[in-house]
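> Provided herewith is a single structure, encoded as structure tokens, for subsequent inquiry.
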Amino acid sequence: MLLRALRFLGGVALGFWIWWAATPAYSHLLAPATQLLLHADRRFAAAVLEPQERKVFVTSATPLPTATMPADQLTYNIILLLALFASNDRPWRAANLRAVAIALVILFISHCIGLLISIESTYAVRQGAWSEQHYGDAAANFWQTTELVFRIVGMFGVVFASWWGLSGHSKSVST
Amino acid sequence: MALAPRQTRFLIVFAVLLIAFYAVITIDAVDRRVVLPFTAALARVSGAALNLIGEKVLVTGTVISGSRFAVDIRGGCNGLEAVVFVCAAMLAFHAPIRKRILGALAAAVILEALNVIRIDSLYLLGVYHRNVFDMFHLAVWQTLMFGAAVFLFLIWTSIVAPRNASAST
């Protein structure tokens with residue numbers, strides 16, 4: 001367990017470095033993918049997501065108010081993901097790396113959904129009159145609660161479930 | 001990579017419990033009567049530890065303040081999110097209920113002890129290295145807290161369901 005803990009800490013260091021260094025480039029991947037999802041909501045049909053360093057700006061040619069989303073605050077769970085996979089036995093073996101690749105795809109999808117939830121929540125409760133015009137009380141509560149759940153426990157729940165299910169760890173003990 | 005029905009059941013129950021527990025601690029009455037007093041107690045313990053190492057701090061409610069810096073321990077910083085996480089995982093796991101409850105209680109105590117270290121280290125970073133405070137507050141300590149929760153879960157599973165045990169454990 002001590003060796004596993006050391007590998008975990010090594011993974012934290014690697015994950016932190018990747019998160020810190022890659023976030024600006026990753027935003028260029030995250031923004032257009034999330035924009036596709038966002039356009040499914042008619043209120044955001046003309047919204048454009050522009051990545052800029054560690055943030056994503058929501059802009060539009062329509063009267064949609066602008067907003068700034070701190071994208072890096074939605075993606076730092078990659079540190080825990082890489083640390084958990086690094087803590088596995090022989091982390092460089094092909095099966096583990098394949099599991100990491102699949103988990104990264106799941107994580108990317110969860111980041112798109114996380115950014116979508118954050119945008120919906122921001123526009124539902126933090127855009128003054130525009131929010132009141134376009135969201136009812138129930139919808140505003142829903143998006144705010146969903147954002148809280150995602151940011152406090154959901155983003156780590158996704159990481160844990162991906163690691164547990166994909167790393168083969170779940171088969172080593174009886175659940 | 002396909003999951004066995006038991007593993008699938010574990011992940012589903014884990015997700016349901018995680019959301020349910022988190023929903024409970026965000027209820028206004030629970031927040032007022034349980035979470036806030038608990039957070040204030042956590043602030044007092046953390047403040048006492050800081051005074052013990054020579055930092056002169058005052059604790060008012062959930063705020064720890066010194067002459068150069070102050071921290072306000074809010075929801076998300078009181079360690080309850082990691083406690084909820086590990087409790088959901090342990091209670092979803094197939095093991096005798098007594099072991100699940102004991103494991104969850106022990107994990108909660110250990111995680112809150114770790115959280116005192118987190119709060120004190122963040123206060124010290126705020127005083128002496130404020131430029132890295134946000135980074136540690138957001139990314140490093142959150143990862144370590146949830147990492148610790150996962151490790152406690154793994155240690156516990158190795159006790160209640162060792163690798164060589166039969167599938168009926």
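> Quick check on the range B:68-91. Is at least one of its residues touching a Lys or Arg at 6+ places or on another chain (Cβ under 7 Å) and closer than 20 Å to B:Leu144 by Cβ?
Yes.
> Sticking with this structure for a sec: Would you check if A:Thr34 is of a type in the set (Val, Ile, Thr) and crowded, with 17+ Cβ neighbours inside 10 Å?
Numbers: of a type in the set (Val, Ile, Thr): yes; crowded, with 17+ Cβ neighbours inside 10 Å: yes.
Spelling it out, A:Thr34 is indeed of a type in the set (Val, Ile, Thr) and crowded, with 17+ Cβ neighbours inside 10 Å.
> Please determine, by comparing only the residues of the range B:1-53 that are more than 16 Å from B:Gly79 (Cβ to Cβ) and among the basic types (Lys, Arg), which one is farthest from the other protein chains (Cβ to nearest Cβ).
B:Arg33
> Report yes if some residue within the range A:50-66 is within 14 Å of chain B (Cβ to nearest Cβ) and either in a helix (DSSP H, G or I) or buried (at least 20 other Cβ atoms within 10 Å of the Cβ) (or both); otherwise report no.
Taking every residue of the range A:50-66 in turn, none turns out to be within 14 Å of chain B (Cβ to nearest Cβ) and either in a helix (DSSP H, G or I) or buried (at least 20 other Cβ atoms within 10 Å of the Cβ) (or both).
> Let me ask you something else. Take the residues of the range B:64-109 that are touching a helix residue (DSSP H, G or I) at 6+ places or on another chain (Cβ under 7 Å) and among the β-branched types (Val, Ile, Thr): which is nearest to the other protein chains (Cβ to nearest Cβ)?
B:Val84
> I've got another one for you. Considering each of B:Leu124, B:Leu114, B:Leu152 in turn, give the residue that is more than 10 Å from chain A (Cβ to nearest Cβ), over 26 Å from B:Leu52 (Cα atoms), modelled with pLDDT of 90 or more and out of contact with any His (no Cβ under 8 Å at 6 or more places or on another chain).
It is B:Leu152.
> I'd like to verify a number: residues in the range A:15-27 that are away from every other protein chain (no Cβ under 12 Å) and in contact with a helix residue (DSSP H, G or I) (Cβ under 7 Å, 6 or more places away or on another chain), how many?
Total satisfying the criteria: 1.
> Restricting to the range B:107-132, name every residue that is among the aromatic types (Phe, Trp, Tyr) and over 18 Å from B:Gly75 (Cα atoms).
Passing the criteria: only B:Tyr128.
> Considering only the range A:76-105, how many residues are assigned to a helix (DSSP H, G or I) and either among the aliphatic types (A, V, I, L, M) or more than 10 Å from chain B (Cβ to nearest Cβ) (or both)? Can you show your working first?
Quick first cut of the range A:76-105, residues assigned to a helix (DSSP H, G or I) only: A:77-86, A:94-105.
Then keep just the ones that are either among the aliphatic types (A, V, I, L, M) or more than 10 Å from chain B (Cβ to nearest Cβ) (or both); that gives A:78-86, A:94-97, A:99-105.
Count: 20.
> When you go through B:Gly54, B:Gly79, B:Gly103 one by one, which is the residue that is at positive phi and within 18 Å of the chain's Cα centre (by Cα)?
One residue alone meets the criteria, B:Gly79.
> A further question follows. What are the residues in the range B:127-140 that are buried (at least 21 other Cβ atoms within 10 Å of the Cβ) and more than 9 Å from chain A (Cβ to nearest Cβ), if any?
none
> Ok, one more. For the range A:65-117, which residues satisfy the criterion of being touching a Pro at 6+ places or on another chain (Cβ under 8 Å) and small (Gly, Ala, Ser)?
The answer is A:Ala71, and nothing else.
> Go through the range A:33-52 and report how many residues are closer than 14 Å to A:Ile119 by Cβ, within 18 Å of the chain's Cα centre (by Cα) and not hydrophobic (A, V, I, L, M, F, W, C).
Selection size over the range A:33-52: 4.
> Now for a different question. Could you say which residue among A:Leu38, A:Leu74 is in contact (Cβ under 8 Å) with a residue 24 or more places away in the chain, more than 30 Å from A:Gly168 (Cα to Cα) and of a type in the set (A, V, I, L, M, F, W, C)?
A:Leu38
> How many of the residues making up the range A:53-70 are touching an Asp or Glu at 6+ places or on another chain (Cβ under 9 Å) and closer than 15 Å to A:Ile117 by Cβ?
The qualifying residues number 2.
The values are calculated or read from the model by the stated rules, or taken from the named source; none is laboratory data. Predicted model only: the values in this text are computed from it and were never measured. Positions of Cβ are backbone-derived with ideal geometry, glycine not excepted, and every protein chain shown enters the neighbour counts.
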